[in-house]
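Read through the structure below, which is laid out as structure tokens, and then see the notes.
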Amino acid sequence: MITSGGVQAPYPLLAGATSLFVIGMFLHFTTDIQKHTALTMKPEHLITTGMMARTRNMNYFGELLIYLALALLAMHWLPPVVPLGYVILV
């Protein structure tokens with residue numbers, strides 16, 4: 001849908017989608033790196049510090065932001081409904 005329409009996304013949408021994508025990548029990968037490091041140092045212990053101090057699902061939230069940013073670039077109502085539908089379903 002992104003490439004088939006031949007429509008250029010407005011610059012505010014590009015800036016917003018890029019920001020969502022970068023924040024999502026940061027949350028997703030830093031949480032995964034922290035989880036890997038913490039479990040390597042103390043296997044089978046619950047991680048209660050850093051990115052996982054308040055929530056156990058920060059990497060999934062980052063992944064959701066990545067998908068939402070890409071869906072917004074399609075400039076159609078259907079692509080953002082798919083990731084939001086997963087959130088409602090889960």
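Bear in mind that the values in this text are calculations on the coordinates, not laboratory data. These numbers come from a predicted model, not from an experiment. Note that we place each Cβ from the backbone using ideal geometry, even for glycine, and neighbour counts take in every protein chain shown.
Write out the chymotrypsin sites (Phe, Trp or Tyr not before Pro) in region 10-90 meeting two conditions: DSSP loop, and at most 16 other Cβ atoms within 10 Å of their Cβ.
Qualifying residues, ordered by number: 77.
With an 8 Å Cα cut-off and a minimum separation of 6 or more residues, compute the relative contact order for the chain in percent.
Relative CO of the chain lands at 39 percent.
Taking Rg/Rh (Cα atoms, Kirkwood Rh) straight from the coordinates, which label in (i) 0.98; (ii) 1.25; (iii) 1.11 is the correct one?
Of the listed options (i) 0.98; (ii) 1.25; (iii) 1.11, (iii) comes from this structure.
So between residue 77 and residue 56, what do we pick up on full extension, going 0.36 nm a residue minus the alpha carbon distance?
Going from the current span to full extension adds 4.5 nm.
Using DSSP to call loops (not H, G, I, E or B), can you name the trypsin sites (Lys or Arg not before Pro) in region 28-90 whose Cβ has at most 14 other Cβ atoms within 10 angstrom?
Here the trypsin sites (Lys or Arg not before Pro) that fit, given the DSSP loop and packing criteria, are 54, 56.
When the helix-only estimate is applied to the chain (DSSP H runs of n ≥ 4, each -39,500 (n - 2.57), divided by the residue count), what is the mean residue ellipticity at 222 nm, nearest 500 deg cm²/dmol?
My calculation for the chain gives -22000 deg cm²/dmol from helical runs alone.
Around residue 25, with a cut-off of 13 angstrom between Cβ atoms, what is the net charge of the other residues, counting Lys and Arg +1 and Asp and Glu -1? Intermediate values should be presented prior to the final figure.
Numbers: positive: none; negative: 32, 63.
Overall, the nearby charge balance is -2.
Please order 4, 19 by the number of other Cβ within 10 Å, starting at the fewest.
Ordered by Cβ neighbours within 10 Å, fewest first: 4, 19.
Please work out how much length the chain gains when fully extended from residue 7 to residue 90, using 0.36 nm per residue of separation minus the C-alpha to C-alpha distance, in nm with one decimal.
Going from the current span to full extension adds 26.6 nm.
Once both axes come from the Cα atoms, what is the angle between helix 78-89 and the longest principal axis of the chain, in degrees from 0 to 90, rounded to 10?
30 degrees
Taking the Cβ of each residue in 13, 72, 89, 78 as the centre, tally the other Cβ atoms inside 10 Å and list the residues starting with the fewest.
89, 78, 13, 72
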